[in-house]
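The values are calculated or read from the model by the stated rules, or taken from the named source; none is laboratory data. Worth saying up front: this structure is predicted, and the values here are computed from it rather than measured. Cβ: placed from backbone, ideal geometry, glycine included. Neighbour counts: every protein chain shown.
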Amino acid sequence: MKTKTRSLLTALAALLAAAGALAQPQPPDPAREKRIAWWREARFGMFIHWGLYAIPAGEWKGQAIPGIGEWIMNRAKIPVREYELLARQFNPVKFNADEWVKLAKAAGQKYIVITSKHHDGFAMYHSRVSRYNIVDATPFGRDVTKELAEACRREGIRLCFYYSQVQDWHHPDGVGNTWDYDESKQNFARYFNELAKPQVREILTQYGPLGEIWFDTPRNISREDSLELVNLVHTLQPACLVNGRVGNDVGDYRSMGDNQIPVKVLDYDWETPVTLNDTWGYKKDDHNWKSTQTLIRQLVDVVSKNGNYLLNVGPTAEGVIPQPSVDRLLEVGRWLKVNGEAVYGAKPSPFPYEFEWGSVTSRPGRLYLHISEWPRGGEFALYGVGGKVRRAYLLARREAALKFTQGRRGGRDELRLQLPSQPPDKDVSVVALELEGEASFERGLIQQPDGKVTLSCAFADLAGAPKLSVDLRGVATRWFDPGQELRWDSTIYEPGAYEVALLSSEARSSFAGADWEGGHLVKVTVAGQAIEGKVEDQGRLVNARNPRWRDVRSVIGQVRIAKPGRATLSLSALKVQSEKKLGFSLRAVQLVPVAGK
Ligand code: JFZ
């Protein structure tokens, strides 16, 4: 009886997941719609991680401490009494609220989220609940938060606060400090009632209207506690948003994992926080800066999938935003001056899948093609736009109409654009397409003009894979069992020989490096042919959208497609290797035409 109930429940869950029913986090709520309107328009914000951790800047007692900078207290197990002493040194004399806010503005960012209290427990504002704060405990003695609030008001930027609601390594009853405190003797409710809630109340009442409260690392916070925070925020400031990391899916929008950009268009509001290098809080030896092109690509890709992009800076202990961050932000801002129309308030792509050449955003009657891989000779093709294009032009050269042709060929709607041979922008150039009347779009998976057919796990039918789940990056996770089968339907236009390539993903955590496991035996069936092959590391590809997780490419064989049209491809694992406990981390299957056919 018990087993029966459980298998029924599993089947039901799989069914719901397949139907996408679990993907809608919030019921439509008019108050929320009102609250979130500015945020949907904004699309791009500045995250600021600033606190006492900027003083050690990644080094403790002469040792470089690996991991993200703001976690140094935890990573180096620094006793509270020792870490507290940093406050006496905190004197950011170069801090200038106007400069920071003007930088955000020049970068094209519409909101700022700053750490009012991170996991280390130190309040970066004048708290009356605890003296462990920037005004009462440092020689600097200024409420930087107040100065920022005033500067934001002057510049028309929305101020938002990060608040670590569960982890507090300073408070004897907060979560996370196992080196000073005995967890078995802790009383979370005491911390929550005596520090967290009163401080959230303070940040909501001392600094004027806020855009949002950005909670973090909910851990195992109860639904009741999450709701209490949400109610506290909405009661004190009805227009203030709450992010998804308040826990239990009760926020106003969803928060993605750090640096994680989902692989498909989502029909709900979401945001990804992203680092400019590999840390949030300042670390003096982290010079691994993302290129401006990566930042712009990520920004437009996030918008193309219905999200917001929250890009972090980690100021130094002197109050200076590192120059490499400033340089990149100003470049993104210059790009947005030209191309902002395709970002602010823009709607997602009508195509649910990714393109290799870039991303698509939209407005009613308009499509924007954000091209970062410029086509050779400027010849660009897009399939699947049904409806007439009235005019095409580059946002960088609005007056110059681009030549194009449209037609129905080989069962597809084909748009061909003649672009200049060189892109107007070295990073991302945007083509605007003005559409006549109601356009319709082919939303199914189709062969692309470059001949490739890409089948992301995010679009797989999981009915034959009850033990698998696919994360938002499109990676099948926890694939340890053989016998699981994924299926895709797609449309292939060109008959011929195709290489079957698998893209599987590296795993990566904040603290460990990248890792990958191969050696799995898989079977692929398509067009009446079945091939078997081994998943081997034949080379790693950088994914421009998620550069932190590379793809491992493995060609497992060839198939011949004799007839164009709808094709079903299925993939199953016959044997899964799991010595490293990573298993098979498939992200996509690709059919790639074999040259010469
Ligand atoms: C959290 C913090 O611990 C970190 O210090 C920083 O503030 C960051 C923005 O948020 O770290 C996380 C939280 C969630 C994930 C990863 C790191 N996640 O869901 O992948």
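Quick notes on this structure:
- Being small (Gly, Ala, Ser), touching a residue at least 60 places away in the same chain (Cβ under 8 Å) and in contact with a strand residue (DSSP E or B) (Cβ under 7 Å, 6 or more places away or on another chain) holds for only one residue in 497, 530, and it is 497.
- Residue check, residue 488 assigned to a loop (DSSP other than H, G, I, E, B), crowded, with 21+ Cβ neighbours inside 10 Å, at negative phi and not aliphatic (A, V, I, L, M): no
- The one condition in (1) of a type outside the set (Val, Ile, Thr); (2) within 16 Å of the ligand (Cβ to nearest atom); (3) in contact (Cβ under 8 Å) with a residue 60 or more places away in the chain; (4) closer than 30 Å to residue 331 by Cα that residue 94 fails to fulfil: (2)
- Restricting 215, 192 to residues that are aromatic (Phe, Trp, Tyr) and farther than 16 Å from residue 160 by Cβ narrows the list to 192.
- For residue 258, the conditions (1) within 14 Å of the ligand (Cβ to nearest atom); (2) at pLDDT 95 or above all hold with the exception of (2).
- Residue count for segment 159-204, restricted to those that are within 16 Å of the ligand (Cβ to nearest atom), farther than 19 Å from residue 234 by Cβ and of a type in the set (Phe, Trp, Tyr): 1
- Highlighted here are the helices (runs of 4 or more DSSP H) found entirely within segment 163-246 that include at least 2 residues which are among the polar types (S, T, N, Q) and surrounded by fewer than 23 Cβ atoms within 10 Å (Cβ to Cβ): 197-206, 223-236.
- Selection within segment 262-278: residues that are closer than 23 Å to residue 326 by Cα and in a loop (DSSP other than H, G, I, E, B). The member of this set that is nearest to the chain's Cα centre (by Cα) is 275.
- Members of segment 410-422 that are without any contact (Cβ under 8 Å) to a residue 60 or more places away in the chain and loosely packed, with under 12 Cβ neighbours inside 10 Å: 421, 422
- Residue count, segment 261-277 (criterion: within 13 Å of the ligand (Cβ to nearest atom) and either of a type in the set (A, V, I, L, M, F, W, C) or under 19 Å from residue 119 (Cβ atoms) (or both)): 6
- Test for residue 252: is it surrounded by fewer than 21 Cβ atoms within 10 Å (Cβ to Cβ) and assigned to a loop (DSSP other than H, G, I, E, B): no
- Residues in segment 91-102 that are surrounded by fewer than 20 Cβ atoms within 10 Å (Cβ to Cβ) and either out of contact with any Asp or Glu (no Cβ under 9 Å at 6 or more places or on another chain) or assigned to a strand (DSSP E or B) (or both): 99 alone.
- Of residues in segment 133-158 being in contact with a helix residue (DSSP H, G or I) (Cβ under 6 Å, 6 or more places away or on another chain) and part of a helix (DSSP H, G or I), the one nearest to the ligand (Cβ to nearest atom): 148
- Residues that are surrounded by fewer than 19 Cβ atoms within 10 Å (Cβ to Cβ), closer than 22 Å to residue 480 by Cβ and of a type in the set (Gly, Ala, Ser), drawn from segment 573-597: 578
- Candidates are the residues of segment 220-255 that are without any contact (Cβ under 8 Å) to a residue 40 or more places away in the chain and among the hydrophobic types (A, V, I, L, M, F, W, C); the one that is farthest from the ligand (Cβ to nearest atom) is 236.
- If you check 280, 289 for being within 16 Å of the ligand (Cβ to nearest atom) and modelled with pLDDT of 95 or more, only one passes: 280.
- Among the residues of segment 292-306, the one identified as within 16 Å of the ligand (Cβ to nearest atom) and surrounded by fewer than 24 Cβ atoms within 10 Å (Cβ to Cβ) is 298.
- Any hit, segment 320-337, residues being touching a residue at least 12 places away in the same chain (Cβ under 8 Å), within 16 Å of the ligand (Cβ to nearest atom) and more than 30 Å from residue 398 (Cβ to Cβ): yes
- Filter result (small (Gly, Ala, Ser), at negative phi and assigned to a loop (DSSP other than H, G, I, E, B)) within segment 423-470: 439, 444, 460, 463, 464, 465
- Residue in segment 163-181 that is in contact with a Leu (Cβ under 7 Å, 6 or more places away or on another chain), in contact (Cβ under 8 Å) with a residue 12 or more places away in the chain and either of a type in the set (S, T, N, Q) or under 23 Å from residue 35 (Cα atoms) (or both) present: yes
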